[in-house]
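Quick note: the coordinates plus some simple rules give every number you see, no bench work behind them. The shown structure was predicted, so the numbers you read here are calculated from the model rather than taken from an experiment. All Cβ positions, glycine included, derive from the backbone under ideal geometry; neighbour counts span all protein chains shown.
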Amino acid sequence: MSAETNIRGARKVRKGVVVKKSGSKTVKVAVSYRERHPVYGKIVTRTKNYQVHDEADTAKAGDNVTIMETRPLSATKRWRIVAK
């Protein structure tokens, strides 16, 4: 993966869980992160959902995956699966 990153440039990488299979070669991935609340200072867990391209079409709900930013593939897909 590091060789691909060097060739194609620095791209964002996230780890998440497949939530839903949404069509052919597309899955919805939930990425959770923790941050401090701006007013109260409490650490809260936030979740963001991404539409992700699955070229092999093998990911199922519940799989842990690593996703990487890519060129726009459709109106909502900007990420692709690089590892399961």
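At 222 nm, what helix-only mean residue ellipticity would the chain give, in deg cm²/dmol to the nearest 500, using -39500 (n - 2.57) for each DSSP H run of four or more? Result for the chain: -2000 deg cm²/dmol, rounded to the nearest 500. In the chain, a dipole from Cβ-located charges (positive for Lys and Arg, negative for Asp and Glu) runs towards its positive end, and of GLY16, ILE67, TYR40 it is TYR40 whose Cα lies farthest in that direction. Of the peptides 20-27, 33-40, the ranking by mean beta-carbon count within 10 Å, highest at the top, reads 20-27, 33-40. For THR26, nonlocal amide neighbours, meaning residues 5 or more places apart or on other chains whose placed amide H falls under 5 Å from its own, are ASP54.
Residues whose amide H falls under 5 Å from that of TRP79, counting only those 5 or more places apart or on a different chain, are HIS53, THR70, with hydrogens built in the peptide plane. Taking a threshold of 24 Å on the Cα-Cα distance, which of the pairs LYS21/LYS48; LYS48/LYS77; LYS12/LYS42 fall above it? Beyond 24 Å between Cα atoms: LYS12/LYS42. A straight Cα-to-Cα reach below 20 Å connects LYS20 with the aspartates and glutamates ASP54, GLU55, ASP57, ASP63, GLU69, residues fewer than 8 places away in its own chain not being considered. The magnitude of the dipole of segment 2-83, with charges of +1 and -1 set on the Cβ of Lys/Arg and Asp/Glu and taken from the Cα centre, is near 320 debye.
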